[in-house]
Ligand code: SF4
Ligand code: SF4
């Protein structure tokens, strides 16, 4: 990692240069919630001034820049007595400005599935390689919970990461692309004072996490509590809407559908993101549903997030952003469910 500092006016110049040359996406206010608080989402921006650089957290994660809700994997056409297949997974280089550490940590977990996992996805890899990521640090929202230091103090998964140290940003540079691009503007080597401010900023962020969730030994709790009444307690409240998985930075379950055009000469294969909370998620040919109730389905979402992934990668899939808890109309959130599991509220 190489460290530099950049003044805020110079950073603005840098971002405007990037915007001029690439499609660029950053957090913008799209609406207000019922309490009058802004709702932010990542949208295409055409100048630095459109970006809410001091935003809190986007409602949805940045996952969908890499795993769209719906994408065509391939198209088929019957021509000259044979089927021709067309596959497109190239993407135009683009820039994402402002993802939070936990969002990038979510991407690093998805990389373990779609880049280095057993079944890599060329579509995901193409998007990941062609997206220049400028992460920005922030203090935690009151309901966000930190599960591991890596989720708020990341060292990988981005091109450059900016820590706000007052009148400048302390930049952690993680790619030659970022290093070379930064040559177009004025940067400086960090001074001793900058280093001190950087360390203080990291401590401030770490101490800003007010919600604690104890996940020590959670895999064992989940093994033991498979038939626990807490799954009924929370599962019966669940509306099976799938919103939690849609906003989550790491829920990635998907289905693949094939559609044949009415002329029987063309077809396409599409991938759609799914949610294990949706009623038909585990429905198979013949109509049998392996998880017929909302209780079964909610339970499996928690098992995937906190046990299945942990068994293979020694870490939870969840990064503790609490987007799922914030978006859930039934007021189901990981902190309450996990605390119940630890028998603290039964
Ligand atoms: S847990 Fe909440 S957000 Fe998720 S499917 Fe159930 S009701 Fe919807
Ligand atoms: S807190 Fe919820 S939305 Fe955030 S990573 Fe964990 S499961 Fe996903």
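None of the figures in this text is laboratory data; all of them are computed from the coordinates on show. Since we're looking at a predicted model, the values are computed, not measured. Glycine also receives a Cβ, built like all others from the backbone with ideal geometry; neighbour counts cover every protein chain displayed.
At a 10 angstrom cut-off on C-beta neighbours, averaged per residue, how do the peptides 18-29, 179-190 rank from highest to lowest?
18-29, 179-190
Arranged from fewest to most other beta-carbon atoms within 10 Å of their beta carbon, 72, 131, 191 become 191, 72, 131. Each listed q (0.10, 0.16, 0.17, 0.23 Å⁻¹) maps to a log10 I(q)/I(0) for segment 218-341 from the Debye sum over equal C-alpha point scatterers, namely -0.35, -0.80, -0.89, -1.49.
Once you reduce segment 240-254 and segment 99-113 to the center of their Cα atoms, the two points are 15 Å from each other. Distance between the modelled labels on residue 21 and residue 233, one decimal in nanometres: 5.6 nm (7 Å Cα→Cβ projection).
Here the scattering of the chain is modelled by Debye summation over its C-alpha atoms, one equal scatterer each and no solvent; at q = 0.09, 0.13 Å⁻¹ the log10 of I(q)/I(0) is -0.56, -1.09. Compared with the alpha-carbon gap, the fully stretched path from residue 189 to residue 34 is longer by 51.3 nm at 0.36 nm per residue.
Kindly state, to the nearest 0.05, the FRET efficiency for residue 64 paired with residue 312, given R0 = 30 Å and r defined as their beta-carbon distance. Intermediate results must be reported in sequence, preceding the final value.
Working: r = 24 Å, r/R0 = 0.80.
Once the sixth-power term is evaluated, E becomes 0.80.
Arrange the following residues from fewest to most other Cβ atoms within 10 Å of their Cβ: 194, 313, 49.
49, 313, 194
Ellipticity at 222 nm from helices only: DSSP H runs of n ≥ 4 in the chain, each -39500 (n - 2.57), divided by the residue count, give -8500 deg cm²/dmol. Equivalent-ellipsoid semi-axes for segment 2-207 (Cα gyration tensor, √(5λ), whole Å, largest first): 33, 20, 18.
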